[in-house]
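Read through the structure below, which is laid out as structure tokens, and then see the notes.
None of the figures in this text is laboratory data; all of them are computed from the coordinates on show. Keep in mind it's a predicted model, so treat the numbers as computed, not measured. Cβ placement follows ideal geometry from the backbone for every residue including glycine, while neighbour counts extend to all protein chains displayed.
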Amino acid sequence: MDFKKQKPIYQQIAEMLCERIVQGEWAAEERIPSVRDVAVQLGVNPNTILRTFDYLQSSGIIYNKRGVGYFVAADGAKCVQTLQRQAFLEEELPDFFQRLRLLGLTLDDLRQYEPKVVGV
């Protein structure tokens, strides 16, 4: 995994794990790999993964069964989507609209690039 300097490593790892949850790689109530396993897989310090897991747990995405491991929360995927929507609306969308204004583009200009959805 290539880490970017703009964001802390633990947050980048959290985003990767959240993506796996939303894509269904780990279902609700399913055990996820251990802190040690993820650290080895990504080649990072286990303390970094522990910080990632603490962040995900405090966000309600995963939970810890003491002595057993970490599990995806029942509504973990929904929590991820809520957090990602909020981040998109607060962080990415304002930059996107600013870029549109700078380039003199309108939403109508963008509609020609909208993907065609079959069956809609």
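Checking (1) 21, 19, 13; (2) 34, 18, 13; (3) 29, 14, 11 against semi-axes √(5λ) of the Cα gyration tensor in Å calculated from these atoms, the matching label is (2). So which helices of the chain fit the span-like rule, where a helix is a whole DSSP H run, its Cα atoms reach 24 Å or more along the axis, and its mean Kyte-Doolittle is at least 1.6? Result, helices passing both filters: zero. For the range 1-49, the list of GluC sites (Glu not before Pro) that fall in a loop by DSSP and count at most 16 other C-beta atoms within 10 angstrom reads Glu25, Glu29, Glu30. Simple spin-label estimate for Ala87 and Gln23 gives 1.5 nm between the two label positions (7 Å along the Cα-to-Cβ direction from each Cα).
Taken along its principal axes, the alpha carbon cloud of the range 9-76 reaches lengths of 28, 26, 20 Å, longest axis first. For the chain, excluding the exposed loop sites themselves (trypsin sites (Lys or Arg not before Pro), DSSP loop, at most 16 other Cβ atoms within 10 Å), the longest remaining stretch covers 6-65.
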